[in-house]
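What follows is one structure encoded as structure tokens, with my remarks underneath.
The values are calculated or read from the model by the stated rules, or taken from the named source; none is laboratory data. Model, not experiment: these values are computed from the prediction. Each accessible area value is taken on the protein alone, full model and side chains, heavy atoms only, with ligands, DNA and RNA left out. Shrake-Rupley method; radii C 1.70, N 1.55, O 1.52, S 1.80 Å.
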Amino acid sequence: MSTTLTDNAPWVALTELAEKGDAQELAEETTLLGSRECARAMRRMDEETQAKVLTTLEPHDAADLMEELPESQAADLLGGLVAGRLLARRRTQ
């Protein structure tokens with residue numbers, strides 16, 4: 001396991017791990033932080049970064065994190081993810 005969280009603010013650490021694309025390491029770090037602290041960290045990220053974190057995590061880990069977010073933030077984030085997927089599908093057709 002990395003020492004990323006001890007070296008950086010949680011939102012920076014989660015962003016770096018999501019950018020690496022390592023779902024396992026990101027899941028380990030979110031477990032270490034706990035879902036409430038992860039939710040607080042997510043609030044400090046822009047929507048694009050939040051989406052990157054959620055799409056890097058395994059679905060069950062992302063769902064756990066979404067449950068800790070305020071309902072309006074989770075709804076906005078989920079809506080953005082769905083819209084992004086729909087646009088991506090249209091571009092490939």
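If I stretch the segment between K20 and E48 completely, what's the gain in nm (0.36 nm per residue apart, minus their alpha carbon distance), one decimal?
Values: separation 28, 0.36 × 28 = 10.08 nm, distance 1.49 nm.
Fully extending the segment from K20 to E48 adds 8.6 nm.
Return the calculated 222 nm mean residue ellipticity for the chain, to the nearest 500 deg cm²/dmol, obtained by summing -39500 (n - 2.57) across DSSP H runs with n ≥ 4 and dividing by the residue count. Spell out each step's value before the answer.
Details: 7 runs with 77 residues, N = 93.
The per-residue figure over the chain is -25000 deg cm²/dmol.
Give me the percent of the accessible area of region 34-93 that comes from carbon and sulfur atoms, probe 1.4 Å, all protein chains in place.
Numbers: 1980 of 4180 Å².
Exposed carbon and sulfur together represent 48 percent of the surface.
Would you indicate which of (1) 13.0; (2) 16.1; (3) 13.4 is the value of Kirkwood radius over Cα pairs in Å derived from the coordinates of this structure?
The listed entry that was calculated here is (3).
Can you give me the accessible area per residue for the chain, using a 1.4 Å probe, in Å²?
On the way: 5990 Å² over 93 residues.
Per residue, the chain has 64 Å² of solvent-accessible surface.
Explain nothing, just the number: relative contact order of the chain, from Cα pairs under 8 Å at least 6 residues apart, as a whole percent.
Values: 61 pairs, mean separation 25.9, N = 93.
Relative contact order here is 28 percent.
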